[in-house]
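Derivation of every value follows stated rules applied to the coordinates shown; laboratory data play no part. Everything numeric in this text was worked out from a predicted model, so none of it was measured. Note that each Cβ is placed from the backbone with ideal geometry, even for glycine, and that neighbours are counted across all protein chains shown.
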Amino acid sequence: MSTWRDDTTTRLRALGRALRQPGPERDALLLLVKSAVAAVVAWQFALHVLHSSAPFYAPMAALLVVDRTMVRSLAASVQRIAAVVLGLAVAWVVAILVGITWWSMLGVLLFALVIGRWGRLGDHGIQVPTMVLLSFITVKGTDEQFTYLTIVETVIGGLIGVAVNAVVFAPLHLTKPRQRVAALGRQVHDLLEEMAAGVRGEWSHDSAQAWYRRGSAIADRAPLVIEDIHTGRESTRLNPRDNLRPVDVDWEGYEHTVNALRRMLWQVTGIARTLVDAGDADRQQPAPSPTFLHRYADALDALATAVEQLGRHDDVADAAFADATERALGVLEVLREEVRTTPLPDPDAWPVYGSLISDSLRAVRELQLSHDVASLPTDTGPLRVERSWGRGSSSAAPPAAEGGDPADDPAGDDDRT
């Protein structure tokens, strides 16, 4: 009972958020409303215009093709129509040539099931054997009027679904990708700053373990951010809202930023893993000296500054990025030379020093290689781009709204409405 109440409370709160403010909850609610509207319009069209005695296929097609983007909506419409036509065609051909028997039904259903698994039909592939079976059972597969009307209903329903999706708040998923890209950069920056402060002070096996887990978790979220970027880019295609109010978003630059941060995080988690092993008393492995770590922290701080400037392409940001990467490289080169030429108190400790330095050098190089092609949203305000900067396209940079940077919330607004 408590589980049911908790679930109901959660859903009511989500509905309240959808009604009060933009966000993923409102986006989901709008999608449900559009699906319902499309189904009702298609049903009425089939009933009063096509004079269908059983207006089922039009509203079903309309219901199933309303999707998050216009491209997906059109693709779903084409897939469903193709599946229905294939299913009816197979049933009609078999019924005309060999008639309806148990063995012909068995063969044609097996054939239809194979066609239904064709990847190009997507989730609508199941309609092929469904239409074969329905045609056999209801009209023996030979009723031309049934076949014709079903195909027409499906086509009309698909078109109505696409039209409703285009006219009623055509989805433009622009804000959420920008927020999540900015949030990812902020999370990497904060992790590096925390690690730098930690190794300057009293760090431990547990704190290093926490850095390792946190870095791994951030890296694991990167593919989800890439997926949001792809959805955002797709939402602008064939979208009448984008044609009326065109925006210029550097989707490719955003993707370069996420990939660069993810590759860099592999090195950062390598640093944390080295510290995890070095801080484990049970393993009795040598740990780097406090003097080394204090200077090494300067390189981590410089890396954090470079991450903060990655993807920004004004003169101040470019200079700050170049200075930060040069400082990091300078510290690491000095430390590497000292480790190479200075006798260590514990000769067995050199792999620890080498691992920390090598991972950091690779992290710096990842940032340097990606700097020119990366792009970072400067805020999450309305997008109205009059000119582009950096790589040739960008997100605009209007003044940030009061009340904090929404980029800190990776699950923020999912639609420009």
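Rounded to whole Hz and in sequence order, give me ³J(HN,Hα) for the range 58-67 from the Karplus expression 6.51 cos²θ - 1.76 cosθ + 1.60, θ = phi - 60°, writing x for Gly and Pro.
5, x, 5, 5, 4, 5, 8, 9, 5, 9
Can you list the residues, at least 5 places off or on another chain, whose amide H is less than 5 Å from the amide H of residue 248, using H built in the peptide plane?
The list, which skips near neighbours in sequence, is 385.
From the phi angles alone, apply the Karplus equation (6.51, -1.76, 1.60; θ = phi - 60°) to the range 76-81 and give each ³J(HN,Hα) in whole Hz, x where the residue is Gly or Pro.
Ordered by residue, 3J(HN,Hα) equals 5, 5, 5, 4, 5, 4 Hz.
Which value in nm describes the separation of the simple spin-label points at residue 365 and residue 322, placed 7 Å from the Cα toward the beta carbon?
Each label point lies 7 Å from its Cα, and together they span 2.2 nm.
Return the FRET efficiency for the residue pair residue 314, residue 13: r is the Cβ-Cβ distance, R0 is 56 Å, and the value is rounded to the nearest 0.05. Please list the in-between numbers first.
Working: r = 41 Å, r/R0 = 0.73.
Step by step, r from the Cβ atoms, then E = 0.85.
Work out how much length residue 348 to residue 49 would gain on full extension: take 0.36 nm times their residue separation and subtract the Cα-Cα distance, in nm to one decimal.
Numbers: separation 299, 0.36 × 299 = 107.64 nm, distance 8.50 nm.
That works out to 99.1 nm of additional length.
Label the range 22-90 by shape, choosing from rounded, prolate and oblate, from the square roots a ≥ b ≥ c of the eigenvalues of the Cα gyration tensor; if a/c is under 1.5 it is rounded, and otherwise prolate applies when a/b is larger than b/c, oblate when it is not.
On the way: a/c = 3.42, a/b = 1.45, b/c = 2.36.
Oblate is the answer for the range 22-90, as a/c is 1.5 or above yet b/c matches or exceeds a/b.
What is the gain in length, in nm to one decimal, between residue 252 and residue 100 on full extension, counting 0.36 nm per residue of separation less the C-alpha to C-alpha distance?
Values: separation 152, 0.36 × 152 = 54.72 nm, distance 5.50 nm.
Once the chain is fully extended between residue 252 and residue 100, it gains 49.2 nm.
What FRET efficiency comes out for the pair residue 204/residue 29, r = Cβ-Cβ distance, R0 = 45 Å, nearest 0.05? Could the numbers behind the result be given before it?
Details: r = 47 Å, r/R0 = 1.04.
After rounding to 0.05, the efficiency reads 0.45.
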